[in-house]
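Down below is the structure, laid out as C-alpha cells.
The values are calculated or read from the model by the stated rules, or taken from the named source; none is laboratory data. Note that the coordinates shown come from a computational prediction; the quantities given were computed from them, not determined experimentally. Backbone-built Cβ (ideal geometry, glycine too); neighbour counts: all protein chains shown. When the accessible area is computed, the model is the full protein with side chains, heavy atoms only, and any ligands, DNA or RNA have been set aside. Shrake-Rupley method; radii C 1.70, N 1.55, O 1.52, S 1.80 Å.
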Amino acid sequence: MTKRTGVFVCHCGKNIAATVDVKKVAQELAKDDGVVFSEDYVYMCSDPGQTAVIDAIKDNNLNGMVISCCSPTLHEKTFRDASELGDLNAFQCEIANIREQCAWVHKDMEVATEKALKITRASVRRVQHNQALEPIGVPVTRRAMVVGAGIAGIQAALDLTDAGLDVVLVEKQATIGGNMLKLSETFPTLDCSQCILSPKMVSVSKNSKITLMTESEVESISGFVGNFKVKIKKKAEFVDPELCKLCDDCTPVCPVAVPNEYDVGLTNRRAIHIPFAQAIPASFTLDEEACLGLNPVVCGKCEEVCDVGAIDYDKKPTVTEEDIGAIIVSTGFDLYGMEHMGEFGGGRYPDVLDGLQFERLCSASGATEGHIMRPSDHKVPKEIVFIQCSGSRDPENHCAYCSKICCMYTAKHATLYKHHVPDGQAYIFYIDIRSGGKGYEEFVQRSMENDGVIYLRGRVSRVYEKDGKLRVMGVDTLAGRNVEIDADMVVLAQAMEPSKGTAEIAKILKIARDKDGFLAEAHPKLKPVESVTAGIYLAGAAQGPKDIPETVSQAGAAASKVIALLSKDQLAHSPMVAKVRDPYCTGCEMCVDACPYDAITLVDGKASVNEVLCEGCGSCVGVCVRAAIDVKNVTQLQIHEMISAIMA
Amino acid sequence: MVNVEEIRDYAAGLLEKGEVKSVLGFRRGSASAFAEPCTITNVGEAASLVWDPTCLNNLALYLVKDRKQQAVSKTPDTRPVGIVAKGCDSRAIGVLLQENYFKREDVVVIGVSCEGTGVVDPRKLSAKLKGRTASRVTFAVQGSTSVAGGRTPGATDGADGINVSVYGDETETVIPAREVLADRCLECRAAAPALNDVVFGNTVEARDFNEPFHAAKEAERLSEDERWATWERHFDRCLRCFACRAVCPMCYCPECVVDSTTFVVTLGTSAEEKANRIRWCERSANTSESAVYHLTRAIHLAGRCIDCGECERVCPVNIPLRLLNTKLEKEAFEMFEYQAGHDIEQASLLSSFRDEDPNSFIR
C-alpha cells in the first residue's frame, strides 16, 4: 500500500516554538518519502488544531500520521481519538515527543531543530510500518479492594459501597482507624478526632457490602485491570471476635507487657489486648510475637480465664483469594524515626516527644487522660518548645521534602497546650509558616494572639539535659541573636514518611514509588490519584504528605475513579501487545521469566502471549536473544527504521 | 587418574542395553596426537574411545546438531544420546537444559573429571615443541609410574604436581602442565562435571594454577584507549569465517543476527517482513561490522557462556575471543553471583531480577 503519511508539528505556544524552528521541521518533513501532508500549528491539541488534523486525514486520504508535540502520556489519546474521527485507525497515529525530550532540554535553536527533525522523522518511518489494531475487550469484576484502613481507606470504602460496589477492606493492624485514631483534636476547628472518625468506623463494621479483614496483608496479586486475583494473608485469629464479649478478664492474667502502639509507646499493653476501647472489630486480640508461646504448657493463662472459650492457640494463618476489579492503596504514613534526631535528644530523653506522642498526651483517651505531663516525672511542663521541620526540608541529613502538615499541627499543639496549661509558655522554632488552607492562617494567628505562643524564626542546633531541664540551643534569625531556653518538654514535629511496608506493597502490586519512597501517581497534575498500573489507585498520605481534609478528598476521588472504571461492561485493553515469531522461538523460557505480568507461557515448546495480560512493556523483547518476540507496532523492523532515520 | 577402560565399558554398557542411540566421545585422530570427536553407535566401537589432554572439543555442540537434525527429520530418532563431558562441557549441557533445548532424559552424561589438570592448548604446545609434531600426549603424575611409556618421567615443575608428557620423533619431552594447559583450564573453577549420570576420576575442585578470571583481570589493567586499540586491531583482522559461531554450543539460534541466508519464511511471514529484511549487521568483513558481530555475540552469551574456550581455539587468526566472554562471565559473577550452567533450575541471568541486584534506579 502506498504510504500516505501526514505530519503535524505543534508550537505548544512558545513551549516548543521558542527553541525549535517548527516551520522548518514541517517543511523539511514534507520532502520525505511517503509524506503527503506536513504543517505546523500553534496549539495542535486545541479544537481548531484537532479539526485541522481530522480534515487533513480526509482531504489527503492519509493512512498514517505523526503528531510532533508533547509527551504521549499527555495527548496520545487525544490525537488517537481525533484519528478515529477522521476514519483513520487510532493505532496509525503516533506521537513524536519534541517538547519534553527536545525543546525543554535544549537552548540552541539550531541543534534543537535538528534533533526535533530526527525525532519526528524516526516516528514517520515507524508509523509507515504500523498495523491497524483494534482494542482488546476484557470483562470486569465489579468488586474493589482497599488496602489500608485509615481515614483514607475508610472513606474510600464507604464511598464505593454507596455506589453499590462490594469492597474488601484490608488492614494490617488489629483495628481500623490508622493514625487519625491517635489524634486528640484536629486543626483548624479543634473538633475531637475520635468523635468524627469513630462514626465512620462503625459504618464500616455495620456495612454488609464491606468485607473487613484486619491483621491481614496482601500477599500476591495476579491478573490485570478489571480482573485482579489477590491473595490476602490473615494472621491466625487466636481470639474469636464472635465469641469475645470484651469482659477484659484475660489482660490481668497476662504476664507480658510490651509498648502500646496506640499510645505510641507512652504506655504498655499486654500480649492479649484490645487496641483501644472503640476498636473495630470490637474484640480482644493476641499479639503472637509478644505472647510467651501460644502453648498451654508455657503459659495458657488467658485461655484458662476465658469463660466463653474464645481463645484457641491452635489457630493458623489463612490465605484467601479474592476476585477484584480495582484497588485503592491507602497505606498511610509513619513519623520519621526519633532515633534520627540525636541532636534534638530524640530517642534519648523521655521528655523529648514526637508529634503523635504529644497527641496522646493531649487526648482524653490517652494514658494521662488528657493531662499534659512529663513522661519522666509526671510534672506539668511550664515551658515547652516545639521544633518544626524536624527531619523535613533537610536534603543533606534527613528528608528533602516539606511534610506539609507540621506547621499546622504544631500551632494546634501549642494552642492545646495553652488550653491545658494556661500559665505555661509555648515556643515554636520554625523556618517558614506554611498555612495554606481554609481557615489555616487564621488559626496560626489565633495561636499567637490569643494563646501567646512565641514563634522564633530559626533552627535549633542542639537539645541537651541540664539540671532536670532540657536546654534548647537555637537561633532567632529575625532578632539576629542566639536563643537558649530551659524547657520542661520538647516536641519534635517529625517529618512524615511512607508507612513501613510501603516498599513491599508497591512491589507486590507492581506500582511505582517516587524518590522519597511515597507511592507515585501516574501524572503529577492530570492523574493525581492513579498509580502507574492500570486499575490501581492511590489515596492519602501513602502518596505524599497531606492533612485530613485533603486525604478525604483524595479518597473520594480515588473511589469515584474506581466507580467509573467498574461501571463499564467491558474494558478496552491496548492491542499493542507482544507477538511471538514462532519459527525463531526455541522455547528457552527467558521471556517467561522476564515478563512482569505473567503473560507468557510455553505452549508446545513455543512462547505464547496472553494478550489480555500483556501490557506491551517489551521486557520480553529485551531478553530474547533470538529476536523471536516483538511488540505490535514496535517491531524490530520499526526500531531499525527509527535508528536508521536518526543516524542518517 | 581416569582409567579410559572405565569410560569404554560404561559406553559399551549403554549401547548394549539400548539406553542410548549413540555415544559422543573422543577417538584417536588421523593426524598428530590430537583426539577427534566421534559418534559411536555399536558396542564394538567403544574400544576406540580415548581420554587424554588432547580431548579439546566441547561435545555439547553435537547434542545441538542432533536436536536440529531431529527437528527437520520426518522420522526422528528421539532416543537419548550419551556424551563424554568434562566439567565445562557439562555446564554447556546445563545451560542447554536450562533453556529447554532438550530434556534431561534425552541425554546421558558420562562425566570425566579433569582432576586438576585440563586440556592442552595446541598453540602453546606447538610453540614448546619448536616445530616438531607431537604424536602422543598423556597425563603424567609426578613421582608415579607414567601411564604411557612405563617410565618415570623426570619432574620439572614440582609446584604443579602434574605434568604433560609429549612423545614425538622418538624422543620424549616433559613439560610442566601450567606451560601448555589451555588458559581456561588454568582458571577453571569446576573441573568435575556437576551435571552427570556418572563421573570418572576424582572430583578435585581446587588447583594451583591461576585465579578465576585471571586473563580478564589482566586485560582490564589496560586503559580504555589501549583496550579499544587492541580490539579494533583484532576486529580488523577478523575474517568473518564464523568458525566461532559454528563451534559454539550456545549459538543455536535459528536465525543469526548477521545472516541473510537463514531467514525463516513460513506461512506467517508477512510480505512486508520478506520485503524488509533487517540488517543489523553486514556479513562482510570490515572493522565496524566485525565489532558489531563480536560484541553482539558476547552480549548474547552473557550468562550463557560456560567458558569452554572453543571459539578462541578455532579462530584461524588468533583473536582472543575468550576474553570478551570471560569479561561478561566475570561481571555476571561479581555483580549477580551468577555462574552459567551451575544450576539448571535457576532462571537465566538475562531474564531474572532480584531485589538485591545492583540497580539503584529501580524502586
Sort out which residues of region A:306-338 are assigned to a loop (DSSP other than H, G, I, E, B) and under 30 Å from residue A:165 (Cα atoms), and write them in order of number. A:317, A:325, A:330, A:331, A:332
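Pick out the one residue from A:499, A:461 that is polar (S, T, N, Q) and open to solvent by less than 20 Å² (accessible area, probe 1.4 Å).
It is A:499.
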Return the residue satisfying two criteria in turn: it lies in region A:306-345 and is of a type in the set (Gly, Ala, Ser) and under 30 Å from residue A:404 (Cα atoms), and of such residues it is surrounded by the fewest Cβ atoms within 10 Å (Cβ to Cβ). A:342
Which residues, taken from region B:220-239, are outside any helix (DSSP H, G or I) and surrounded by fewer than 19 Cβ atoms within 10 Å (Cβ to Cβ)? B:221, B:222, B:223, B:239
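From the list B:213, B:235, which residue is in contact with a helix residue (DSSP H, G or I) (Cβ under 7 Å, 6 or more places away or on another chain), more than 22 Å from residue B:182 (Cβ to Cβ) and away from chain A (no Cβ under 13 Å)?
On the way: B:213 fails: more than 22 Å from residue B:182 (Cβ to Cβ).
Answer to the selection: B:235.
Table: residues versus (1) under 12 Å from residue A:5 (Cα atoms); (2) in contact with a Leu (Cβ under 9 Å, 6 or more places away or on another chain).
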residue: A:36; (1), (2): yes, yes
residue: A:41; (1), (2): no, no
residue: A:44; (1), (2): no, no
residue: A:50; (1), (2): no, yes
residue: A:55; (1), (2): no, no
residue: A:61; (1), (2): yes, no
residue: A:68; (1), (2): no, yes
residue: A:71; (1), (2): no, no
residue: A:74; (1), (2): no, yes
Hey, does region A:484-500 have a residue that's in contact with a Lys or Arg (Cβ under 7 Å, 6 or more places away or on another chain) and either part of a helix (DSSP H, G or I) or at pLDDT below 95 (or both)? no
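Give the residue, chosen from B:89, B:106, that is open to solvent by less than 10 Å² (accessible area, probe 1.4 Å), of a type in the set (D, E, K, R) and in the same structural domain as residue B:21 (by TED's automatic domain parsing).
Details: B:106 fails: open to solvent by less than 10 Å² (accessible area, probe 1.4 Å).
Of B:89, B:106, the one residue that is open to solvent by less than 10 Å² (accessible area, probe 1.4 Å), of a type in the set (D, E, K, R) and in the same structural domain as residue B:21 (by TED's automatic domain parsing) is B:89.
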Positions within region A:63-79 being aliphatic (A, V, I, L, M) and open to solvent by 10 Å² or more (accessible area, probe 1.4 Å), in sequence order: A:74
Considering only region A:509-527, I want to know if a residue exists there that is within 14 Å of chain B (Cβ to nearest Cβ), assigned to a strand (DSSP E or B) and of a type in the set (A, V, I, L, M). yes
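Any idea which of A:360, A:434 is out of contact with any Ser or Thr (no Cβ under 7 Å at 6 or more places or on another chain) and open to solvent by less than 10 Å² (accessible area, probe 1.4 Å)? Break it down stepwise before answering.
Numbers: A:434 fails: open to solvent by less than 10 Å² (accessible area, probe 1.4 Å).
A:360 is the lone residue from the list that is out of contact with any Ser or Thr (no Cβ under 7 Å at 6 or more places or on another chain) and open to solvent by less than 10 Å² (accessible area, probe 1.4 Å).
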Is region B:39-56 home to any residue that is open to solvent by 30 Å² or more (accessible area, probe 1.4 Å), more than 14 Å from chain A (Cβ to nearest Cβ), in contact with a Phe, Trp or Tyr (Cβ under 9 Å, 6 or more places away or on another chain) and over 19 Å from residue B:137 (Cβ atoms)? yes
Determine, yes or no, whether residue B:35 is under 20 Å from residue B:201 (Cβ atoms), of a type outside the set (D, E, K, R), in contact with a Phe, Trp or Tyr (Cβ under 6 Å, 6 or more places away or on another chain) and open to solvent by less than 50 Å² (accessible area, probe 1.4 Å). yes
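Tell me which helices (runs of 4 or more DSSP H) are completely within region A:13-101 and hold 1 or more residues being within 20 Å of residue A:115 (Cα to Cα) and in contact with a helix residue (DSSP H, G or I) (Cβ under 7 Å, 6 or more places away or on another chain), or say none if there are none. Show your work before the answer.
Working: elements: A:22-30, A:47-60, A:72-85.
So the answer is A:22-30.
Quick one: which residue in B:55, B:88 is under 28 Å from residue B:1 (Cα atoms), under 14 Å from the mean Cα position of the chain (by Cα), part of a loop (DSSP other than H, G, I, E, B) and at pLDDT below 95?
On the way: B:88 fails: part of a loop (DSSP other than H, G, I, E, B).
Only one candidate passes the filter, namely B:55.
Just checking: which of the helices (runs of 4 or more DSSP H) contained wholly in region A:545-641 hold 2 or more residues that are over 26 Å from residue B:269 (Cβ atoms) and more than 8 Å from chain B (Cβ to nearest Cβ)? Talk me through it step by step, then tell me what you get.
Working: elements: A:548-566, A:590-594, A:619-623.
Per the criteria, A:548-566.
Being touching a Ser or Thr at 6+ places or on another chain (Cβ under 9 Å), surrounded by fewer than 20 Cβ atoms within 10 Å (Cβ to Cβ) and closer than 30 Å to residue A:533 by Cβ, is that true of even one residue in region A:47-60? Even if it seems obvious, please write down each step before you answer.
So in region A:47-60, the residues touching a Ser or Thr at 6+ places or on another chain (Cβ under 9 Å) come out as A:50, A:53-54, A:57.
Applying the additional criterion that residues be surrounded by fewer than 20 Cβ atoms within 10 Å (Cβ to Cβ) yields A:54.
Going one step further and asking which of them are closer than 30 Å to residue A:533 by Cβ, we end up with none.
No; the residues of region A:47-60 include none that is touching a Ser or Thr at 6+ places or on another chain (Cβ under 9 Å), surrounded by fewer than 20 Cβ atoms within 10 Å (Cβ to Cβ) and closer than 30 Å to residue A:533 by Cβ.
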Name the single residue that is surrounded by the fewest Cβ atoms within 10 Å (Cβ to Cβ) among those in region B:265-302 being more than 13 Å from every other protein chain (Cβ to nearest Cβ) and not in a helix (DSSP H, G or I). B:284
